[in-house]
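FYI, it's all coordinate maths here, none of it is from the lab. On a predicted model such as this, the values are computed, not experimentally measured, just so you know. With ideal geometry, Cβ positions are generated from the backbone for all residues, glycine too; neighbour counts draw on all protein chains shown.
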Amino acid sequence: MRLALYTPLEAFRPDIADVVRIFYGEGSVLPEDAPGRDGALVHTHELEGGVWRETFALTLEGQTRRQTLEAPAVFGGLEEKRQLKRLIKRCCYALLRDVTGRRPPWGSLTGIRPTRLYYQRLERGDTREQARSYLAEQFDLSPEKIGLLDEIVDAQRGLIDVEENACDLYIGIPFCTTRCAYCSFSSGEIGDGRLVEPYLTALLHEIDACARMAKEKSLRLRAGYVGGGTPTSLSASQLDRLLSHAERAFGPLAEWTVEGGRPDTLTRERLTALRDHPVTRISVNPQTMRDETLRRIGRAHTAAQTEEAFSLARAMGFDDINMDVIAALPGEDADIFGETLRRVSALAPESLTVHTLAIKRSSRLHEQGFCPDARDAARMVAMGREAAHAMGMRAYYLYRQKYMAENLENVGYALPGRACRYNIDNMEETTSVLALGAGGITKVVRRKEEKIVRAPNIANIEQYIARVDEMIERKRRALFPA
Ligand code: SF4
């Protein structure tokens, strides 16, 4: 379906387009008067007597359906924009829901962090019951998704309230052994290994500078995360050098996660390098336990290698291991995904992250025109949840991305006491993060001002190496405003 969208409020065009995509998918919104359209969606906005009135009219095959919603207007600043945006989205959603007869699980919500809305209601003094009703009435969230948010809010209790000067660390290693078909990074952003040594030199320099700033600012560092890319694509000695340096610079942290990512990189030597440092949590990511799919998505390991890497890590004393799986991979149905979940459950990890495949525009899967079946994706996500519950885990964080099948979500599940603090902090944005390395985005949370200041590092590896001092300076400006 391709609809030409007309709106008098251009600033809200992307928000309306987000709602249309929930029902009709990528590429369904065209500019006004674009050729090749199947129909037109016309928005009108009125303000009369202190009341906003939004109307959407959808014309398809010569027939027009309309929906109008009204709300008292709010005047002034961000709240005006927020309330008007919600009304416009709700109105568009209500029309498309009627026309299509579909009820998407997340209703009209298109944001990345749905838990935030729940917390906002609680901060306003709502009871849990009132917050749930608000989400159902205002956004048409399904009972199942409200239950998921409830579970997460419970799991985050006691972990989400942090001191003003609390801060996490992120260290990015942007190298991978092969490129996954769903990867949205350019090869200049994930590298080919040629630049590893110069990259490490720049990164260690950034670590030293950031450790000095953290001290100067009296930051209380609580969780560290080495992600990527694939951090374990570094050699054992490079990993040892990186972790030794970080440890010396920042001192001990209560939690350090290293993403193993690719099971074929988890050799005894690399695992030894991790174990020799206070790494508290690692990730061994199968994505799927079907070899044919692994080949199809460009991963250079087999399911058997995942099991071997996991068992080796366990035998070497790693007692907090996460595994990532992806629902709706090409060629997979619920039965195949069920087999992946069965084999992953047999390994008994401490946490499981169930991703929904996101077809990003710069990925190979997008070029190939792959489009997962929305119902299958929803079924698989539900199966992931059942498998996590069966292992005794509970959901503890969640985020959504654009271009996800059926507008679904990624959910982290963990056994009691095994929730990764870094993941919670990063998703809920309650704690500042110093992000080091190419593509890292530093966030300085200024709670009193209800503001987050971001300082992104450049993603291109060569540029990062050449301009690392500029990246350090960006952080300094975010941490120490004039
Ligand atoms: S592991 Fe991640 S960064 Fe590396 S190629 Fe795959 S999706 Fe891209």
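Loop-located GluC sites (Glu not before Pro) across segment 1-32 with a Cβ neighbour count of 15 or fewer within 10 Å are Glu26, Glu32, with loop assigned by DSSP.
Close amide H partners of Ile297, meaning residues 5 or more places away or on another chain with modelled amide H under 5 Å apart, do not exist here.
Taking label positions 7 Å along the Cα-Cβ direction at both Ala73 and Asp208, the computed distance is 6.0 nm, reported to one decimal. Spin-label model, Ala304 to Arg342: label points 7 Å out along the Cα-to-beta-carbon direction sit 1.9 nm apart.
Listed by chain and number, the lysines whose C-alpha is less than 29 Å from the C-alpha of Lys475, apart from same-chain residues fewer than 8 away, are Lys215, Lys217, Lys360, Lys402, Lys443, Lys448, Lys451. Compactness of the chain, taken as the C-alpha radius of gyration over 2.2 N^0.38 Å, stands at 1.02. Orientation-averaged projection of segment 1-102 equals 6.4 nm² [convex hull of Cα atoms, one quarter of hull surface area]. What whole number of Å gives the distance from the Cα centroid of segment 2-81 to the Cα centroid of segment 176-194? So the two Cα centres are separated by 38 Å. Residues of segment 20-48 with the amide nitrogen closer than 20 Å to a label point 7 Å from the Cα of Glu144, along Cα-to-Cβ, please. So the set is 22-25. For segment 4-46, the residues whose amide N sits under 18 Å from a probe point set 7 Å from the Cα of Glu61 along the beta carbon direction are 4, 24, 37-41. Based on Cβ point charges of +1 for Lys and Arg and -1 for Asp and Glu, what charge dipole magnitude is obtained for segment 105-150 about its Cα centre, in debye rounded to the nearest 20? Rounded to the nearest 20 debye, it is 180 debye.
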